[in-house]
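Before any comments, here is the structure.
The values are calculated or read from the model by the stated rules, or taken from the named source; none is laboratory data. Note that this is a predicted model, so its numbers are computed, not measured. Don't worry about glycine lacking a Cβ; one is built from the backbone with ideal geometry, like all the others, and counts go over all protein chains shown.
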Amino acid sequence: MAVAETQSNISRDQKLRQRAQRVIPGGMWGHQRAAAVPAGFPQFFDSGQGATVRDVDGNEYIDFMCAWGPIILGHQHPVVEAAAQAQAALGLCLDGPTEHVVDLAELVVEMIDHAQWALFQKNGSDAMTGCVTIARAGTGRRKVLVAHGAYHGAVPWCSPSLVGVTAEDRAHILHFDWNDTDSLETAIAQAGADLAAIVVSAFRHDLGVAMEMPTPAFAQAARAACDAAGAALIIDDVRAGFRLDLGGSWNLVGVQPDLSAWSKAIANGHPLAMITGNERFREAARNVFVTGSFWYSGAPMAAAAATLRELRRIDGPAVMARAGRRLRDGLAEQAARHGFALIQSGPPAMPLVQFAGDDAQATLGERFCIEALRRGVYMHHRHNMFLSCAHTEAVIDAALVATEGAFAALAAEGAANA
C-alpha cells in the first residue's frame, strides 16, 4: 500500500521520465534538449495555444522558447492548421509530391532575395548537410570553413559531440573566429585552392555566451572571399530564418549568400526544412543525391505556405521585434530596480538574458528562470529564447508581472549583484 501511495503522488511528468528511462537510451536526458533545461522544469508537454504551453500535469506557461524555435505565429495557429488538415484529409505520404511543393517553392523564390530555387527536407541538419554537399559538388573542392563554437546540426561533419565521430568526418573542416576578418583570412589561406564554402550563422548564438550580430565588415569580407575564391557562402538560417527578415537574415547587413538552410519556423511547428540557392548552384543541386522517406509529404508544405503568407501579411518580423523590445525594456527596468545588472544580447525576437557576474554555470540565471516558471513563464538562462507573433503586448505585460516576482524573490534571498 505504501508503494502504491508513493507512486500515486508522483507527477505525470515524473512517471513519464521513469518509463522513458527504461525504453529510451538515457531517458529524455540526452535527447530533445532535456539536459539543457534547469532542474525542476517539466520535460513532457500536453498542448499549446497561442503564446502558452501546458505540461502533462496541467500547468500553463507563457512560452518564450516556442518549441525551441519552430513556433513563429503561435501554437495551433488556425490558418496554418486549416491548410495542413485540408491536405492531411486527402493523404499524407503519396506516390509523389503534392502540388504544394510547387506552390511553396514559387512562394519561397518570390520572398527570399537570393533564392532562385528551393529543395525540401525535414530537419535543419538535413538542410545544412545538403548545402555543404551542393557546395562541394558545385566547386569540386572539399574544405569548409565554420566558426569556432557554432552549431550547424547533429551530424558527424559538424556535431558538437565527438562521441561516435571519427577524425575523418572532420578532415576537411577548418575554423575561424566569429566577426574576426583576420581569423577568417587565416582559415581561407589554410584551405588554399581547396576552399568549397564558408558557413556562417545568421548571428552568433553559441550556447551560454552573449550573442553577436554580424558586423557589416565581417559579412562583406566573407562574401568577397567567396567571390574571389569561387567558393559558396552558406548562411545557416535554420534557427533565425523568418524572425529577422523574411528575405533572409543577412539582409540586415546587405549581403546575399549562395546557399541557405532553413527549418524551425518555416511551417509553424510542422516538420519541414529547406535549402535555397542561386543560379550558380542550380546544376549542382540537380545532380547531388539527397532524399528522405517523408521529405515531400504534402501537409507540412501546405502549412509552410500558409505560414509564410501570414508572416508576410502581418509583417511578422516587425511584430516580433516590437514584442521583444517591450520584454527587454521591462526586464531591464525590473532588474535595475531590484539591484541586478543584466546582459541582454541578440535580436529582440530571439533574446538571451544573462546576469552580469554570474558564475560559469549561470546559477543565478537558472534560479531566475525557476522563479519565473513558478509564476507561469517558461524561459531559458543559457540558450537564446524565441518570440512569436502571438506574443502580444498583453502577453508580454503578463509575463513581466511574473518576472517582477522572480526578481523580487532573488532580491529577498540577497542575490543582487549590482
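Could you tell me whether VAL255 is among the β-branched types (Val, Ile, Thr) and at pLDDT below 95?
On the way: among the β-branched types (Val, Ile, Thr): yes; at pLDDT below 95: no.
Criteria not met by VAL255.
Rundown of residues vs (1) touching a Gly at 6+ places or on another chain (Cβ under 9 Å); (2) surrounded by 16 or more Cβ atoms within 10 Å (Cβ to Cβ), yes/no style:
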site: SER161; (1), (2): no, no
site: THR166; (1), (2): no, no
site: ASP169; (1), (2): no, no
site: LEU174; (1), (2): no, yes
site: ASN179; (1), (2): no, yes
site: SER183; (1), (2): no, yes
site: ALA189; (1), (2): no, no
site: ALA193; (1), (2): no, no
site: ALA196; (1), (2): yes, yes
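Sort out which residues of region 355-373 are in contact with a helix residue (DSSP H, G or I) (Cβ under 7 Å, 6 or more places away or on another chain) and more than 16 Å from ALA210 (Cα to Cα), and write them in order of number.
Once the filter is applied, which keeps residues that are in contact with a helix residue (DSSP H, G or I) (Cβ under 7 Å, 6 or more places away or on another chain) and more than 16 Å from ALA210 (Cα to Cα), region 355-373 yields ARG367, PHE368, GLU371, ALA372.
Tell me the residue from PRO347, PRO351 that is within 25 Å of GLN49 (Cβ to Cβ), within 24 Å of the chain's Cα centre (by Cα) and at pLDDT 95 or above, please. Explain how you work it out, then say what you get.
Values: PRO347 fails: within 25 Å of GLN49 (Cβ to Cβ).
Selected residue: PRO351, the only one of PRO347, PRO351 that is within 25 Å of GLN49 (Cβ to Cβ), within 24 Å of the chain's Cα centre (by Cα) and at pLDDT 95 or above.
So, THR215, is that one surrounded by fewer than 19 Cβ atoms within 10 Å (Cβ to Cβ), closer than 25 Å to GLY248 by Cβ and not assigned by TED's automatic domain parsing to the domain that holds ALA36 or not? Break it down into steps so the answer makes sense when it comes.
On the way: surrounded by fewer than 19 Cβ atoms within 10 Å (Cβ to Cβ): yes; closer than 25 Å to GLY248 by Cβ: yes; not assigned by TED's automatic domain parsing to the domain that holds ALA36: yes.
When the stated conditions are applied, THR215 passes them.
Examine region 316-335 for a residue that is more than 25 Å from PRO42 (Cβ to Cβ) and in a loop (DSSP other than H, G, I, E, B), and state whether such a residue exists.
Initial filter on region 316-335 (more than 25 Å from PRO42 (Cβ to Cβ)): 316-319, 321-322, 325-326, 328-329, 332-333, 335.
Of the ones still in play, those that are also in a loop (DSSP other than H, G, I, E, B) are none.
Looking for residues that are more than 25 Å from PRO42 (Cβ to Cβ) and in a loop (DSSP other than H, G, I, E, B), one finds none in region 316-335, hence no.
Within region 299-318, track down each residue that is surrounded by 24 or more Cβ atoms within 10 Å (Cβ to Cβ) and either more than 19 Å from the chain's Cα centre (by Cα) or not small (Gly, Ala, Ser) (or both).
To start, the set of residues in region 299-318 that are surrounded by 24 or more Cβ atoms within 10 Å (Cβ to Cβ) comprises 299-304, 306-308.
Once the filter is applied, which keeps residues that are surrounded by 24 or more Cβ atoms within 10 Å (Cβ to Cβ) and either more than 19 Å from the chain's Cα centre (by Cα) or not small (Gly, Ala, Ser) (or both), region 299-318 yields ALA299, PRO300, MET301, ALA302, ALA306, THR307, LEU308.
Hey, any hits in region 153-163 for a residue that's β-branched (Val, Ile, Thr) and modelled with pLDDT of 95 or more? Spell out the reasoning first.
Filtering region 153-163 for residues β-branched (Val, Ile, Thr) gives 155, 163.
Adding the requirement that they be modelled with pLDDT of 95 or more leaves none.
For region 153-163, residues β-branched (Val, Ile, Thr) and modelled with pLDDT of 95 or more: absent.
Only one residue in PRO97, PRO78 is exposed (fewer than 14 other Cβ atoms within 10 Å of the Cβ), modelled with pLDDT of 95 or more, over 27 Å from LEU16 (Cβ atoms) and not aliphatic (A, V, I, L, M). Which one? Steps first, please.
Values: PRO97 fails: exposed (fewer than 14 other Cβ atoms within 10 Å of the Cβ).
Of PRO97, PRO78, the one residue that is exposed (fewer than 14 other Cβ atoms within 10 Å of the Cβ), modelled with pLDDT of 95 or more, over 27 Å from LEU16 (Cβ atoms) and not aliphatic (A, V, I, L, M) is PRO78.
Just give me the residues in region 244-280 being charged (D, E, K, R) and crowded, with 23+ Cβ neighbours inside 10 Å, in sequence order. Quick ask: steps written out before the conclusion?
Looking only at region 244-280, we keep the residues that are charged (D, E, K, R), and these are 245, 258, 264, 279-280.
Across region 244-280, the qualifying residues are ASP258, LYS264.
Take region 372-396 and flag every residue that is touching a residue at least 40 places away in the same chain (Cβ under 8 Å), over 18 Å from ASP55 (Cα atoms) and either outside any loop (DSSP other than H, G, I, E, B) or in contact with a Ser or Thr (Cβ under 8 Å, 6 or more places away or on another chain) (or both).
Within region 372-396, the subset touching a residue at least 40 places away in the same chain (Cβ under 8 Å) is 373, 376-393, 395-396.
Now narrow it down to the ones that are over 18 Å from ASP55 (Cα atoms): 381-393, 395-396.
Answer for region 372-396, where residues must be touching a residue at least 40 places away in the same chain (Cβ under 8 Å), over 18 Å from ASP55 (Cα atoms) and either outside any loop (DSSP other than H, G, I, E, B) or in contact with a Ser or Thr (Cβ under 8 Å, 6 or more places away or on another chain) (or both): GLU393, VAL395, ILE396.
Only residues that are at pLDDT below 85, surrounded by 15 or more Cβ atoms within 10 Å (Cβ to Cβ) and closer than 29 Å to ALA390 by Cβ: list them for region 6-31, please.
Passing the criteria: only MET28.
Within the set of pairs 6+ apart or on separate chains, which have a first residue in region 397-416 that is in contact (Cβ under 8 Å) with a residue 24 or more places away in the chain, a second that is exposed (fewer than 15 other Cβ atoms within 10 Å of the Cβ) and outside any helix (DSSP H, G or I), and C-beta atoms under 8 Å apart?
That search, which allows pairs on different chains as well, returns ALA411/GLY339; ALA416/GLY339.
Inside region 91-141, can you point out the residues that are farther than 28 Å from TRP68 by Cβ and touching a Leu at 6+ places or on another chain (Cβ under 7 Å)?
ARG141
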